[in-house]
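For reference, the structure is listed below as structure tokens.
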Amino acid sequence: MPPINFKLKPIGIQSYLRIFRGIIMAWETVIGLEIHSQLNTKSKIFSGASTEFGAKPNTQACAVDLGLPGVLPVLNKEAVHMALRFGLAVNAKINQHSIFERKNYFYPDLPKGYQISQFEIPIVGKGAIDISTKEGGTKMVGITRAHLEEDAGKSIHDLYEDYSAIDLNRAGTPLLEIVSEPDMRSAKEAVAYAKKIHALVQYIGICDGNMQEGSFRCDANVSIRKKDTEELGTRTELKNINSFKFLEKAINIEIERQQDILEDGGNVVQETRLYDAVKDETRSMRTKEEANDYKYFPDPDLLPVDIENELLTEIKNSLPELPTEKKNRFVSEFGLSDYDAENLTAQKSLADYYEAMLNDGADAKVSANWVMGELSASLNKNQIDIQDSPISAKELSELVKRINDDTISGKIAKGVFKDMWEGNGRVDDIIQNQGLKQMTDVGAIEGIIDGIIANNSEQVEQFKAGNTKLLGYFVGQVMKATQGKANPKQVNQILNEKLS
Amino acid sequence: MHTLSVAELSKSLKNKEFSAVELTQHYLDRINRSDLNAFITVTDELALSQAREADAKLANGSGSVLTGIPFAQKDIFCTKGVKTSAGSKILDPFISPYDATLSHKLNIENMVMLGKTNMDEFAMGSSNENSFYGPVKNPWNKKMVPGGSSGGSAAAVAGRLSPFATGTDTGGSIRQPSSLCGITGIKPTYGRVSRYGMIAYASSLDQAGPMTQTAEDAALILNAIAGFDEKDSTSAPRDVPDYTKSLRDSIKSLKIGIPKEFFLEGLDSSVEKVITESMKEFEAMGAKLQEISLPNSTYAIPTYYIVAPCECSSNLSRLDGVRYGYRCKDPKDLNDLYLRSRSEGFGDEVKRRIMIGTYALSAGYYDAYYLKAQKVRHLISEDFKRAFKKVDIIMGPVSPTTAFELGAIKDPVSMYLADIYTLSANLAGLPGMSIPAGFSNNLPVGLQMIGNYWSEEVLLNAAHQFQTQTDWHSVLPENI
């Protein structure tokens, strides 16, 4: 066997600088997000074609979506209502008079040679949303605006060797572009904000939030500046981020990249950068100089969108309980901690599941522990949405009730949960069939304890001499003898009586 | 039978004096013998099958007043299964897979489409010389232009190759060729007729209308094509009156405004004379004339030549060689595909307007051009609003001259002057009309009438009354 040749890579001054960056130079990160949220209307924003995902290429594109000569857009009112739902949910200023404009650029998956969007006057103006910080407090993130626009089609470059393919099924799908203020100071905060918006759009039923299918897409504007300075640094825009994990990664490597440049005395170039999840890097897509002049102007084919007060009132009244309201209610009504309430209300489906358990009579705190503990862990491990959970809220609530009424212990319950997950029947059947019911017969437990005391005289002596830690040993022996079925409370109580 | 108006043909068809098939064949024969180049596509077979259907309807009495009437469709309207080129090479290969709303509305009346008429490419032009399919000749003098952009439609009606034709008017494209060819044409209020399926030139100005022999015919056709269309957000949700009802109303005490700005330098004196004479005719019928002023109308040309090119530069972006229409041979890459397909596919005037529009919308120029033009446009509308507080109708020339010689005007800016009196109505969105009012050197002169919003009835009524007192509309070119 040849000797292994170890050679340590010499570490350069740059690396030292990088390591001690936090000490040598204090940078502050500034992040703003642009979120494209696909609205789940039945038909497209300006045509009657279906918006369903996954159909055969170009089967869901009508004359309007294809941009045939002579066709005209007609605004889908449902998309407007959804934008208003969002605006009202973030307490934004609603522009009751907004207009659609044309964003002009050429690309093969943009059939008309322009995208119908909103520019000067978006339907939703300034608003704000609270996010939780890692210190346990909350922070308000400003929302600059949210505007309606149509999605482009898809270009597919890897299907054929000699040419690209175009699928226009997505062309004309309604999007709500939600633009934040540059209020976030770390990748973690950016993720917290994105998750909050993600939860909100699902809460108010305007987006399915599916990031894999591209229903919810984030672009991040990232810049850094010396701490305690006011002026913003030159920003880059990161695109092609399709998960929260990648959002955090992409921002962090971009921060690193910008720090390297600035500390080497260079300048950050204003540009759009593409995140590559495989290589975990960002690379330049186009610089500001290469950017299009979009030549925005009001679309003469569409009338201004004028919103009546009555409609706003109607939509406001139709909004469901929002995440923050729900969280506060969970704290006050169920006595949950802020942390638990925040977690349980992060997804509407999770909160609904939890509340269904409570409505079935399960204990609030125990239920919270089970939903966030065993259930969430199993769902995550198997990558199942809570809507598709093999254990229904009613079933889990039965399990919790059996813990609370002392039928089984929490420990036994974990085994029962596993059986339920695997589809081995309902709670009571599993307990019955496997004989898991807790021993509550005092006489029987006393009998077992008497036996154990008789067989462990040495430990009894020590206990009586003051080594009270040995109580655990006796409890363990009892549980062993009863296969865990003895009620731990009862065991403790009887042991204490007999040993004193 | 080709000298009969739509109203007269309707009666003859109903009385079985001839069948729709016979009538259609007669017009098809005339088209085939014609050297006017008025048509890009003649739809013989389709026309005859439509005529047969119409005859069946007429036979069982379920036809409408327009059933079986042949017409010529401007090639800017999409017609299912039929080439729809808009006079451009770039759409030469385009067979529309759908019908424009206007096409559909004429179809459900069981009318007979003879073919698609020649036009300036994408409706940009005032002489019909900007067509990929060659210029159209004026039936009154074949050395002369028919006007544009609806030159093929105007020549087809004037040459009696069709009882009537459809047209579109963005800056005068119905009225100016109607004037130069001696026919009746109306551009309705913006929003009166659906634009769905009408290939867009300048969306905020484009409006379709009929080009006919008489005001009565125009009323009959407008009845069929006007009205709200849920496919066009800019079409007006207003009821459509029966435009034939008010034709015979008296125009006694009709207040006519004559804008002094329409009679300044540049107006041909022989045209002016015809217009003045026709005013006297109206006066004789009891109308009251008064001079008015539309001070901002003098800015109509520069305003129009910002607004229209801006919109067209964007409207024509979809013609990129990717999905339909002309595509250059062997494109090297995407940029080459765009560049050559568009460079080879568009004509000079279209390219000129795309470039003007692209420039005017560019960052840094938008406020100075597009926004400024919109402000002036507003002022032009305000002039009209003020005027219509005093008068019921505004009258003046359609065009500063009669038809000019083919090839005579080479400078594009001089050509733009041909629409000096018609542009304002488009910028304001008002209805405008041209009716035959006399002749100058054996060439027709049109009188322009501009009405208040939604006052097509007033225009048609005044035009019809004029046509009961004069014969200008029934004078035919030689050899018809």
Legend entry - Within the stretch A:221-248, tally of residues that are loosely packed, with under 14 Cβ neighbours inside 10 Å and basic (Lys, Arg): 3
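If you scan the stretch A:52-63, which residues turn out to be away from chain B (no Cβ under 13 Å) and surrounded by fewer than 22 Cβ atoms within 10 Å (Cβ to Cβ)?
Applying the first criterion (away from chain B (no Cβ under 13 Å)) to the stretch A:52-63 yields A:52-57, A:59-60.
Hits for the stretch A:52-63 are A:GLU52, A:PHE53, A:GLY54, A:ALA55, A:LYS56, A:PRO57, A:THR59.
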Inset, instruction - Mind listing just one residue for me: the one in the stretch B:225-250 that is of a type in the set (A, V, I, L, M) and surrounded by fewer than 21 Cβ atoms within 10 Å (Cβ to Cβ) and, of those, nearest to A:ASP301 (Cα to Cα)? - result: B:ALA236
Legend entry - Search result, residues across the stretch A:113-152 that are farther than 20 Å from B:TYR366 by Cβ and outside any strand (DSSP E or B): A:ILE123, A:GLY125, A:LYS126, A:THR133, A:LYS134, A:GLU135, A:GLY136, A:GLY137, A:ASP151, A:ALA152
Inset, instruction - Report yes if some residue within the stretch A:126-147 is within 14 Å of chain B (Cβ to nearest Cβ), in contact (Cβ under 8 Å) with a residue 12 or more places away in the chain, charged (D, E, K, R) and crowded, with 21+ Cβ neighbours inside 10 Å; otherwise report no. - result: no
Inset, instruction - Residues being on the phi > 0 side of the Ramachandran plot and more than 14 Å from every other protein chain (Cβ to nearest Cβ): count how many of those fall in the stretch A:64-92. - result: 1
Legend entry - Residues (away from chain B (no Cβ under 14 Å) and of a type in the set (S, T, N, Q)) located in the stretch A:278-332: A:THR282, A:SER284, A:THR287, A:ASN309, A:THR313, A:ASN317, A:SER318, A:THR324, A:ASN328, A:SER332
Legend entry - Residue match in the stretch B:401-410 (condition: in contact (Cβ under 8 Å) with a residue 24 or more places away in the chain, polar (S, T, N, Q) and within 23 Å of B:GLU457 (Cα to Cα)): no
Legend entry - Selection from the stretch A:358-393 of residues that are touching a Leu at 6+ places or on another chain (Cβ under 9 Å) and of a type in the set (Lys, Arg): A:LYS365
Legend entry - Top-ranked residue in the stretch B:344-363 [being at the interface with another protein chain (Cβ under 9 Å from one of its Cβ atoms) and not in a helix (DSSP H, G or I); ranked as surrounded by the fewest Cβ atoms within 10 Å (Cβ to Cβ)]: B:ALA363
Inset, instruction - Considering only the stretch A:455-497, state which residues are surrounded by 14 or more Cβ atoms within 10 Å (Cβ to Cβ) and among the charged types (D, E, K, R). - result: A:LYS485
Legend entry - Only listed residue being more than 14 Å from chain B (Cβ to nearest Cβ), part of a loop (DSSP other than H, G, I, E, B) and more than 30 Å from A:PHE100 (Cα to Cα), chosen from A:GLU254, A:GLU231: A:GLU231
Inset, instruction - Answer yes if at least one residue in the stretch B:454-471 is touching a residue at least 12 places away in the same chain (Cβ under 8 Å), assigned to a loop (DSSP other than H, G, I, E, B), under 17 Å from the mean Cα position of the chain (by Cα) and closer than 20 Å to B:ILE251 by Cβ, and no otherwise. - result: no
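Taking the stretch B:54-100, which residues are acidic (Asp, Glu) and surrounded by fewer than 18 Cβ atoms within 10 Å (Cβ to Cβ)? Explain how you work it out, then say what you get.
First, pick out the residues of the stretch B:54-100 that are acidic (Asp, Glu): B:55, B:75, B:92, B:99.
Within the stretch B:54-100, B:ASP92 is the sole residue that qualifies.
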Inset, instruction - Give the residue that is nearest to the other protein chains (Cβ to nearest Cβ), with candidates limited to residues of the stretch B:303-338 that are of a type in the set (Ser, Thr, Tyr) and outside any helix (DSSP H, G or I). - result: B:TYR324
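How many of the residues making up the stretch A:171-189 are of a type in the set (Lys, Arg) and either within 20 Å of A:ARG145 (Cα to Cα) or crowded, with 24+ Cβ neighbours inside 10 Å (or both)? So that I can check it myself, show each step before the final result.
Filtering the stretch A:171-189 for residues of a type in the set (Lys, Arg) gives A:185, A:188.
Of the ones still in play, those that are also either within 20 Å of A:ARG145 (Cα to Cα) or crowded, with 24+ Cβ neighbours inside 10 Å (or both) are A:185.
The total comes to 1.
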Legend entry - Elements of type helices (runs of 4 or more DSSP H) contained in the stretch A:275-373, each with 2 or more residues being buried (at least 20 other Cβ atoms within 10 Å of the Cβ) and small (Gly, Ala, Ser): A:364-370
Inset, instruction - Please state which of the following conditions B:ARG195 fails to meet, knowing it meets all the rest: (1) away from chain A (no Cβ under 14 Å); (2) out of contact with any Gly (no Cβ under 6 Å at 6 or more places or on another chain); (3) buried (at least 24 other Cβ atoms within 10 Å of the Cβ); (4) of a type in the set (D, E, K, R). - result: (1)
Inset, instruction - For A:ASP167, state whether it is over 14 Å from the mean Cα position of the chain (by Cα), acidic (Asp, Glu) and surrounded by fewer than 19 Cβ atoms within 10 Å (Cβ to Cβ). - result: no
Legend entry - Subset of the stretch A:175-204 [part of a loop (DSSP other than H, G, I, E, B) and more than 30 Å from A:LYS77 (Cβ to Cβ)]: A:PRO182, A:ASP183, A:ARG185, A:SER186
Inset, instruction - Report, by residue number, each residue of the stretch A:387-415 that is modelled with pLDDT under 90, under 14 Å from A:GLU374 (Cα atoms) and loosely packed, with under 14 Cβ neighbours inside 10 Å. - result: A:GLY410, A:LYS411
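Quick one: is B:SER440 under 27 Å from B:MET144 (Cα atoms), small (Gly, Ala, Ser), surrounded by fewer than 20 Cβ atoms within 10 Å (Cβ to Cβ) and modelled with pLDDT of 95 or more? Lay out the reasoning, then the answer.
Details: under 27 Å from B:MET144 (Cα atoms): yes; small (Gly, Ala, Ser): yes; surrounded by fewer than 20 Cβ atoms within 10 Å (Cβ to Cβ): yes; modelled with pLDDT of 95 or more: yes.
The answer is yes for B:SER440.
Tell me, yes or no, whether the stretch A:376-384 has at least one residue that is buried (at least 19 other Cβ atoms within 10 Å of the Cβ) and under 26 Å from the mean Cα position of the chain (by Cα).
As a first pass, look at the stretch A:376-384 and keep what is buried (at least 19 other Cβ atoms within 10 Å of the Cβ): A:379.
Those still in the list that are under 26 Å from the mean Cα position of the chain (by Cα) too: A:379.
Yes, because at least one residue in the stretch A:376-384 is buried (at least 19 other Cβ atoms within 10 Å of the Cβ) and under 26 Å from the mean Cα position of the chain (by Cα).
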Inset, instruction - Return the pairs, sorted by first residue and then second, in which the second residue is of a type in the set (Lys, Arg) and part of a loop (DSSP other than H, G, I, E, B), the first residue lies in the stretch B:78-98 and is more than 8 Å from chain A (Cβ to nearest Cβ), the beta carbons are less than 7 Å apart, and the residues are 6+ apart or on different chains. - result: none
Inset, instruction - Please identify the pairs in which a residue from the stretch A:96-118 that is more than 18 Å from B:ARG323 (Cα to Cα) and away from chain B (no Cβ under 12 Å) has its Cβ atom under 6 Å from the Cβ atom of a residue that is hydrophobic (A, V, I, L, M, F, W, C) and assigned to a strand (DSSP E or B), counting only partners at least 6 apart or on another chain. - result: A:SER98/A:VAL305; A:GLN118/A:LEU148
Legend entry - Residues of the stretch B:49-90 that turn out to be more than 22 Å from B:ALA219 (Cβ to Cβ) and under 26 Å from the mean Cα position of the chain (by Cα), as a count: 17
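Looking at the structure I just gave you, is B:ALA202 surrounded by 24 or more Cβ atoms within 10 Å (Cβ to Cβ) and within 14 Å of chain A (Cβ to nearest Cβ)? Give the steps one after another, and end with the answer.
Numbers: surrounded by 24 or more Cβ atoms within 10 Å (Cβ to Cβ): yes; within 14 Å of chain A (Cβ to nearest Cβ): yes.
Yes: the conditions hold for B:ALA202.
Which residues, taken from the stretch B:386-411, are assigned to a helix (DSSP H, G or I) and in contact with a Phe, Trp or Tyr (Cβ under 9 Å, 6 or more places away or on another chain)? Please lay out each step first, then the result.
First pass over the stretch B:386-411, keeping only residues assigned to a helix (DSSP H, G or I): B:386-390.
Of everything in the stretch B:386-411, just one residue is assigned to a helix (DSSP H, G or I) and in contact with a Phe, Trp or Tyr (Cβ under 9 Å, 6 or more places away or on another chain), namely B:PHE388.
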Inset, instruction - Select from the stretch A:119-166 the residues that are of a type in the set (Lys, Arg) and farther than 20 Å from A:ARG217 by Cα and write down the one among them that is modelled with the highest pLDDT. - result: A:LYS126
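The values are calculated or read from the model by the stated rules, or taken from the named source; none is laboratory data. In this text the structure is predicted, and so the values were computed from the model without any measurement. Glycine also receives a Cβ, built like all others from the backbone with ideal geometry; neighbour counts cover every protein chain displayed.
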